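Take a look at the structure below.
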Amino acid sequence: MKHAATNRSDSYVRSLARGLSVIRSFTSESSHQTLTQVAANAKLDRAGARRMLSTLESLGYVRRQKPEFYLTPRVLDLGYTYLSTMPLWNIAEPVMEELVNAVHESSSASVLDGAEIVYVVRVPVQKIMTINLAIGSRLPAYCTSMGRVLLGGLSAKDLHSALTTSKLTKHTRYTLTSLPELKRQIAHDAQQGWSLVKEELEEGLCSISVPIFDSSNGIIAAMNVTGNLSRTTPAKMVSTALPHLRQAAEKINKLIRYQRQGLRDSSGRWTASPGRSATNS
């Protein structure tokens, strides 16, 4: 993934950046690393990597099993802090559980980070993807239905930047990689209010997504339903899953709006009484 250039002003804390680069050097493919490997992957010299690892070990984020280092579950606190400060995720999960029970397919919610989507909520019905998806998982935005919904909320300039910085790879024979065609498809999906992607990321899978709006009607997330084509079809996803998906999104949108207005019921829970659709407000 390509990151925007950092504005390294006087407020830039180099040691913090180095510590985070050490944490990011651990991946599913390199979960256990030697000092030399950490230094290489984090682009640090051995002395610098050693100091960062020693500090992270003293704080409980890293453990050592000579000659290798590995992350501890305490690193999850960093991600969960973000999730806990975003009320959307607490609101969305029970609604998505109802959606999964209604459509008998998995549902996820994600946000856009550059040219990728990041999973923030996932309610599986069963394992249907060979890709292991969990909270924090990243996928390319251009070839996913949630990604196209989120890209559809960008300005023309930001959309062009996101697509041109993304590596447009043909994951399957169906993957759309033409920049003009992608822009047309994203505009079409934005106009109709939902996106369906069939077998562009993985053959045999179909996903349909709708946007989640904040109180000012800006797209802050996308929510999907994913189906296996061995038991469903794109037409069936549109006719049966999409109505439930839209209803779930409207409920979340209303809850977000009411939360911003501070409306709670007598038990202290956020309420969403009947009224206008949040998507139309």
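Summary of values
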{"item": "Amide proton proximity set for residue 72, modelled H, under 5 Å, gap of 5+", "result": "62, 63"}
{"item": "Rounded to the nearest 10 Å², the accessible area of residue 104 at probe 1.4 Å", "result": "120 Å²"}
{"item": "At 1.002 mPa s and 20 °C, Stokes diffusion of the stretch 135-227 via Kirkwood alpha-carbon radius, µm² per second", "result": "161 µm²/s"}
{"item": "Per principal axis, descending, Cα span of the stretch 5-78 in whole Å", "result": "37, 27, 23"}
{"item": "Eligible lysines near residue 66 by straight Cα distance, threshold 24 Å, same-chain separation 8 or greater", "result": "43"}
{"item": "Local net charge near residue 56, Cβ-Cβ under 15 Å (Lys/Arg +1, Asp/Glu -1)", "result": "+4"}
{"item": "Links that overshoot a 23 Å alpha carbon limit, given the list 157/251; 167/198; 157/183", "result": "157/251"}
{"item": "Among 245-255, 57-67, 31-41, the order from most to least packed when residues are scored by Cβ within 10 Å on average", "result": "245-255, 31-41, 57-67"}
{"item": "1.4 Å probe accessible area per residue over the stretch 98-172, in Å²", "result": "44 Å²"}
{"item": "Cα-based Rg of the stretch 150-200 normalised by 2.2 N^0.38 Å, two decimals", "result": "1.11"}
{"item": "Around residue 43: net Lys/Arg minus Asp/Glu count, Cβ-Cβ under 13 Å", "result": "+3"}
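The values are calculated or read from the model by the stated rules, or taken from the named source; none is laboratory data. Note that the coordinates shown come from a computational prediction; the quantities given were computed from them, not determined experimentally. All Cβ positions, even for glycine, are placed from backbone atoms using ideal geometry, and neighbour counts span all protein chains on display. To get the accessible areas, we keep the full protein, side chains included, count just its heavy atoms, and leave off ligands, DNA and RNA. Shrake-Rupley method; radii C 1.70, N 1.55, O 1.52, S 1.80 Å.
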